[in-house]
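Asks: My questions will all concern the structure given below.
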Amino acid sequence: GAGAEDLTMQINFFGVGKLAIQQVEIRECVEYRAARILGFLALFAVVDFLLVLLFFPKLCPFSRVMRFAVLGVILIAFLSSLTFFMDYLMRHGNDLEFHLNRIVSLAQALKDGQFPQRLETGMLNGYGYLNPLFYGEIFFLLPAGLLLLSVPVQTAYQIYGVTVNFVTAFLAFWVFHKIVGDWKKALMGTALYTLSVSRLICLTVRGAVGEYSAMVFFPLIIYGFYKIYTDPDSKKQTLADCVPIIIGLSGILQSHMLSCEMAAIFIILLVVIFWKK
């Protein structure tokens, strides 16, 4: 996507040991052609969706009110993703470098045919690390797959962050709308949740990828328990009634184990408080 004239290579040598550069090779990564095609298709799909939403209401499956709501959710998700549209990564905390290493390691494992990955052999200068035993990695398949298409790791991470923000915003709106039944109140709840200070700190200052990935699923858990406890006592609970809780807890387990423990504490408190139901 960039010409060779703007290419710069900078080497920092700190005077420890010996530095010898024997060869520099510049070649095309053919896989990047597929990545660019996918990128253009995604861009066209987004533009088409917005055109239909704004200018072709007859083709849009949403009502007029819901079109405004969808635009509001898109704006909220966009605002929460502003830092991912820059040409650099904000790196104030210690977590980001760790998670970028996870993405690179997972991509290398997939390239080597190791799936699922059980040992990150590329981390810690080749000593390896058993990180997959502590952190689920199913959602990292997106940036790792982009990395295999020769997308730079920074860009792959930015795409992942934007995707998480949009999924968070739309899921939160769906849950709040189901609970309150008013799109304006649901939109306000979506803004408060998606743009909350704690979540934005995880996105920017701390680079806590696992934690803000788990935040996608908190609203689903809330809605699942809300529905069960507000249903009439005579209603028999089915598997379908438990699907939001199942998806929510499974998502947290695949994202951030500490968030799972915190959710478990509040679930136990909820069950104790409403023990009569």
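The values are calculated or read from the model by the stated rules, or taken from the named source; none is laboratory data. All values derive from a computational prediction rather than experimental measurement. Glycine also receives a Cβ, built like all others from the backbone with ideal geometry; neighbour counts cover every protein chain displayed. Heads up: the accessible areas ignore ligands, DNA and RNA and are worked out on the full protein's heavy atoms, side chains in. Shrake-Rupley method; radii C 1.70, N 1.55, O 1.52, S 1.80 Å.
Asks: In the set VAL216, VAL209, which member is crowded, with 19+ Cβ neighbours inside 10 Å, in contact with a helix residue (DSSP H, G or I) (Cβ under 7 Å, 6 or more places away or on another chain) and touching a residue at least 60 places away in the same chain (Cβ under 8 Å)?
Replies: Values: VAL216 fails: touching a residue at least 60 places away in the same chain (Cβ under 8 Å).
On inspection, the qualifying residue turns out to be VAL209.
Asks: Looking at the stretch 93-104, can you tell me whether even one residue there is under 18 Å from ALA208 (Cβ atoms), among the small types (Gly, Ala, Ser) and out of contact with any Pro (no Cβ under 7 Å at 6 or more places or on another chain)?
Replies: Yes; the residues of the stretch 93-104 include at least one that is under 18 Å from ALA208 (Cβ atoms), among the small types (Gly, Ala, Ser) and out of contact with any Pro (no Cβ under 7 Å at 6 or more places or on another chain).
Asks: Which numbered condition trips up CYS29, out of (1) part of a loop (DSSP other than H, G, I, E, B); (2) touching a residue at least 24 places away in the same chain (Cβ under 8 Å); (3) open to solvent by 60 Å² or more (accessible area, probe 1.4 Å)?
Replies: Single failed check for CYS29: (3).
Asks: Let me confirm something: among PRO232, PRO244, which residue is free of Cβ contacts under 8 Å to residues at least 24 places away in the same chain and closer than 16 Å to ILE179 by Cα?
Replies: PRO232
Asks: Let me ask something else. Could you give me the residue pairs with C-beta distances under 6 Å whose first residue belongs to the stretch 258-276 and is under 18 Å from ASP231 (Cα atoms), whose second residue is surrounded by fewer than 13 Cβ atoms within 10 Å (Cβ to Cβ) wherever it lies, and which are 6+ apart or on separate chains?
Replies: Taking only residues 6 or more apart or on different chains, the pairs are PHE274/TYR229.
Asks: Any residue in the stretch 5-26 that is surrounded by 10 or more Cβ atoms within 10 Å (Cβ to Cβ) and touching a residue at least 24 places away in the same chain (Cβ under 8 Å)?
Replies: So far as the stretch 5-26 goes, no, none of its residues is surrounded by 10 or more Cβ atoms within 10 Å (Cβ to Cβ) and touching a residue at least 24 places away in the same chain (Cβ under 8 Å).
Asks: Based on what the data block shows, is VAL167 within 20 Å of HIS256 (Cα to Cα), at pLDDT 90 or above and more than 14 Å from the chain's Cα centre (by Cα)?
Replies: No.
Asks: If I go through the stretch 35-46 residue by residue, how many of them are in contact (Cβ under 8 Å) with a residue 40 or more places away in the chain and either surrounded by fewer than 12 Cβ atoms within 10 Å (Cβ to Cβ) or over 22 Å from the mean Cα position of the chain (by Cα) (or both)? Step through it out loud before you land on a result.
Replies: In the first step, residues of the stretch 35-46 are kept if they are in contact (Cβ under 8 Å) with a residue 40 or more places away in the chain; the result is 35, 38.
Then drop every residue that is not either surrounded by fewer than 12 Cβ atoms within 10 Å (Cβ to Cβ) or over 22 Å from the mean Cα position of the chain (by Cα) (or both), which leaves none.
Number satisfying all stated conditions: 0.
Asks: Also, I was wondering about something else. Which count do you get for residues in the stretch 208-236 that are among the hydroxyl-bearing types (Ser, Thr, Tyr) and farther than 19 Å from VAL175 by Cβ?
Replies: Here the count works out to 1.
Asks: Restricting attention to helices (runs of 4 or more DSSP H) lying wholly within the stretch 47-159, give those where 1 or more residues are more than 26 Å from SER250 (Cβ to Cβ) and open to solvent by 50 Å² or more (accessible area, probe 1.4 Å).
Replies: 64-80, 95-111
Asks: Going through LEU258, LEU249 one at a time, which residue ends up being open to solvent by 60 Å² or more (accessible area, probe 1.4 Å) and aliphatic (A, V, I, L, M)?
Replies: LEU258
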